[in-house]
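The structure appears below as structure tokens.
Where a number appears in this text, it was derived from the coordinates with a stated rule and is not lab data. Since the structure is predicted, the reported quantities are computational estimates derived from the model, not experimental observations. A quick note on method: Cβ atoms are made from the backbone with ideal geometry, for glycine too, and the neighbour counts reach across all protein chains shown.
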Amino acid sequence: VLDGAFLPHYRRKTAFRRMEEAVAELGRFDWLTDEKLAATRRRVLLGDYRRTYSASWLAGALGRARWWTGDEAGAFERLERLEQVTSDDVRAAFEKYVLSREPVRLYVVPRRVPLWVRLFGWLYPLFQR
């Protein structure tokens, strides 16, 4: 979160370099373990189980299933499909949609940089790692 908050206050070249470094680090797949995948699956499924009893969630799930697959029945198969996701599936999706794509770069110039960032922002890289 802190890195994301400070990113707009970097120079353009530094901000783009930091984003490229982050993608390269994620591309090593150190973060992709079976334990983390199981924990993420449990967290997503728990959120879905809680929302299943909400009419608005169910209506949204039906609409998304109809939009993506053309069949509303897909809304009721979501939990089973999530349980079948493997780390190989995650790796393949990340490689396809993140690593192999040409990045879109957008640099937003902040209107006002807070005084404390201007005065002490140069210290942030010293403490971030």
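Here the scattering of the range 47-104 is modelled by Debye summation over its C-alpha atoms, one equal scatterer each and no solvent; at q = 0.20, 0.21 Å⁻¹ the log10 of I(q)/I(0) is -0.86, -0.89. Between GLN84 and LEU58, the FRET efficiency estimated from the beta carbon spacing at R0 = 22 angstrom works out to 0.50. The spread of Cα positions in the range 22-79, taken along each principal axis and listed from longest to shortest, comes to 39, 23, 18 Å. What FRET efficiency would be calculated for the residue pair LEU45, GLU25, taking the C-beta separation as r and a Förster radius of 22 Å, to the nearest 0.05? The value I calculate is 0.20.
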